[in-house]
Structure formats: structure tokens, C-alpha cells
Amino acid sequence: MPSGQVDYSRVVPCSCVKNKQEGDRYSRLKQYSNLGALERFTFENLMPEGRSSSPQKQESFSRAFQAAKAFADTPEGWLVFSGPSGSGKTHLAAAIVNESIEKGQPAFYISTPDLLDRLRASFDADSETPYDEFFEQVKNTPLLALDDLGVQSATPWAKEKLDQLLTARFNASLPTVIVTAVALEDLDDRLRTRLTDARLAHVFVLEEKSPASIYAWSPEFDLQKNMTFINYKRRTDLSMEQQDNMDAAYRLAFDFAKNPEGWLVLMGETGCGKTHLASAIVNYCYEQGKPALFVVVPDFLDHLRSAFNPESKVSYDRLFESVKTAPLLVLDDFGEQTTNPWVKEKLYQLINYRYNSRLPTVITTRLSLDEIMGEVDSSISSRLVDRKISVTFNIIAPDFRTDRKSTSRRTSSRGKTSRNR
């Protein structure tokens, strides 16, 4: 440049150096974002109305899409996306992060379970990033997308870390995108308060969960899924007394399915048909579009124990609450669980809650009425056989898998119902 010009003697990068610098910055931003495979999720490959064929769901998604686009242009406040898996909420969050990167602005994406795992790992002396440094990075990142909130294990430590993180960002009004598959009313009170504060947060429910999506057969119940009243066949190997007894059990279960009130306790040996009837009640509810839940007691208690594990994808509180409050609950194989103080406490809490709330409940057990009264803790047994709420019925048919005839093992309330009307 000639002497006296503004840029005379000043070193400025040429266009090729500028391009390289911009490329390096873009690479650093992509690496910082932690998106990984989610880099492919952009607004360009996302349908503005979503993939649902329901006009109502399309409208809900369209509103969320427009809000996400506006947030990506001007990141302010908090944006909360709630909805079941597959509703597109993670795509929206990733698209916002990708858009920020394209604009040359830093943004950080992480799922809640991964966040907690990395925080735990950062305590290790060999960790590349010390705990304090990583936590400060997440707390203060210019734009944070926190996915899968609510599926983390609900340990006191996890609750404390999430509360610290969200409270810090809330107080600083830092732009934040929250994604959760859990209904907001089911979240911890402190989390829900932050996420629903209208001064900062804007909530978009992409898709309401229907009873059928919340309460449905899990993959391990393929057999029970096909047990209905229609395919409940009359057996030809029974005596007249046994057949009359089975017919009475069928009518009792069918009437309960049509009008689920109170409790129904089906007793009988393995293979007598009580699980088929209990499953048929659940399937009848599903056919009517009504919620119901089927759990095997020993398996449920095992799942409940495993929910204490920090690696669990379902929190203990969420699992226990979903079973405890199910509009209609089947407890299959009651009495087969191991007995210890923790099991007694959990079963008492479950049964006592449903008893006090008068929630329809079906219980199947190999125990006789006498065994329930004599072997089961009185705080539980008294509720199971309370005639003001419970109907007990003993199925006297033998195991259909064998040729054994009915024994006289169970004599109490044989083939009879008991309930004060």
C-alpha cells in the first residue's frame, strides 16, 4: 500500500488464510458441540409439520419447529420440548446447535445420562478434564442443549448436580434447550419449577402421550399379549365341578373387565388359567382404549432394585410411581417373591396406596386364602382380603400342562367368591 494509506504497513490475512482460519474455527465449534452423529440433524432435513398424519400433532410440531428456528436465529431464554420417543424433539435440539455452529457461535449438546456419567468420570485422577473445569464449561456454555432430561437415575447426587446446573443457567438467563420424554408434571418439583417459569421458559409439547402409549405390553409379555377372553377355551379334561368353577372365574373376570371396580384376587395352582384371565382383563382395557398395566411381582421388584443403579435408564421414583398409580394394575405371581424387610416395605407401600385410593387391582397367586392370612404380613393380607373392596376366588382346576387332577390342598373359599355387597 502506498505510504499514508489506512492499511499502510499493517499485516492483514489474505483470503486463503481467512478461509483457513474460518475452517479451523468451524472445526473447533463442531468438536466443541459434542453433537457427534447428530450433526446430520438440521432444519433442512426436518419436515416443518413433522411426520405424524394427525392434524393436531402436525400443528403442535409446526409451532415447535417455528419456535426452534426463531431460537436458533436469536438464542434467548429457555426452550423446552416435551413428547414421547420418536416425536422429533431431539432433531429440533440438534438442529438448533447445528444452526449456531453455522453462524460461528458456540453451542454444546449433551444428554442428561451422559452428562452425569462424565461428571462421575471426571473425579478420576486420570480424567482428561477435571470435574470443576467440565462442570463450569457446561454451566457457562453460551448455548446448552440438554437432552433426555428425566431418564437419569434419581439419586440424591444426580438431583443435586442437575439442580446446580439448571439453577446457575436460570439465574444467569443463559440460552438453554431442554428435551424430555417425561411429562413435566412427573419431574422433580425444583426441575419443573425452572422449566415452566413463564418469565424465561417456553414449553412446547410435541405430542401428548395417550393411555395406550403409556400403558402397553412390554416385549417380554408376548404370550400375555395374546391372552384374551375370546381365545379362552373351555377345557375338556375337567370334572363337572371344575368346569363350573372355571366358568364362574371367567364370568367374574369378564365382568371386572367391563366395570373395573375394587380388587379381584384369583387363587389357584400354576397352569390353572388365572394369568390368562388377568391378561384378558388388560387386553380388554386396551381394546377399549383404556389404560392398564401388567407386572409380574418378582420381576417388578428386581426392576425396582436395578433402578437404584446409576446406570439405570429408568429412575426408581418414576418406575415405582407408574406402577403404584396405574389406573388398573395386575400383580401376577404374588407370593413368589423373596421375602425380606425391603420387599415387605415396597409391597406394603404399593398395596396400601392402591387400597387407600381404591384403584382397581387384579392379583394372581398360588397361595390359598388360609396361606395368605397365615404367611403374608398382616399389613398386606388384611387389605388383600378386605371384603369391602376385594373379591377372592379360588380356581380348583389342575395345571393344564399335566394330567394331574385337582388336589384338596386348597379348601378355603373353594370355588366361591367372598365380598360384602
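The values are calculated or read from the model by the stated rules, or taken from the named source; none is laboratory data. Computed from a predicted structure; not experimentally measured. Backbone-built Cβ (ideal geometry, glycine too); neighbour counts: all protein chains shown. All accessible areas refer to the heavy atoms of the entire protein, side chains included, with ligands and DNA or RNA removed. Shrake-Rupley method; radii C 1.70, N 1.55, O 1.52, S 1.80 Å.
Annotations
- Evaluation of Phe71 against (1) buried (at least 19 other Cβ atoms within 10 Å of the Cβ); (2) within 25 Å of the chain's Cα centre (by Cα) (one fails), failing number: (2)
- Here is the figure for region 42-59: residues that are modelled with pLDDT of 85 or more, on the phi < 0 side of the Ramachandran plot and in contact with a Ser or Thr (Cβ under 9 Å, 6 or more places away or on another chain) total 4.
- Candidate set from region 360-385 (those that are farther than 20 Å from Tyr250 by Cα and either polar (S, T, N, Q) or modelled with pLDDT of 95 or more (or both)); member that is surrounded by the fewest Cβ atoms within 10 Å (Cβ to Cβ): Ser378
- Residues in region 40-67 that are touching a residue at least 60 places away in the same chain (Cβ under 8 Å) and open to solvent by less than 60 Å² (accessible area, probe 1.4 Å) were compared, and the one that is farthest from Val203 (Cα to Cα) is Ser52.
- Residue in region 386-393 that is modelled with pLDDT of 90 or more, outside any helix (DSSP H, G or I) and buried (at least 22 other Cβ atoms within 10 Å of the Cβ) present: yes
- Selected residue (only one of Ala292, Ala326 is in contact with a Cys (Cβ under 6 Å, 6 or more places away or on another chain) and open to solvent by less than 30 Å² (accessible area, probe 1.4 Å)): Ala292
- The set of residues in region 186-196 being in a loop (DSSP other than H, G, I, E, B) and under 11 Å from Leu79 (Cα atoms) consists of Thr196 alone.
- Some residue of region 125-141 being part of a loop (DSSP other than H, G, I, E, B) and within 23 Å of Asp197 (Cβ to Cβ): yes
- Count of region 255-277 residues which are crowded, with 16+ Cβ neighbours inside 10 Å and out of contact with any strand residue (DSSP E or B) (no Cβ under 8 Å at 6 or more places or on another chain): 6
- The C-beta contact set for region 309-328 (first residue farther than 19 Å from Leu149 by Cβ, second residue open to solvent by 70 Å² or more (accessible area, probe 1.4 Å) and at pLDDT 85 or above, distance under 7 angstrom, 6+ apart or interchain) comprises Lys324/Tyr353.
- Sole exception among (1) modelled with pLDDT of 90 or more; (2) more than 23 Å from Ser322 (Cβ to Cβ) for Gln349, by number: (2)
- Residue match in region 120-140 (condition: more than 25 Å from Lys57 (Cβ to Cβ) and under 24 Å from the mean Cα position of the chain (by Cα)): yes
- In region 168-185, the residues that are assigned to a helix (DSSP H, G or I) and surrounded by fewer than 15 Cβ atoms within 10 Å (Cβ to Cβ): Asn171, Ala172, Glu185
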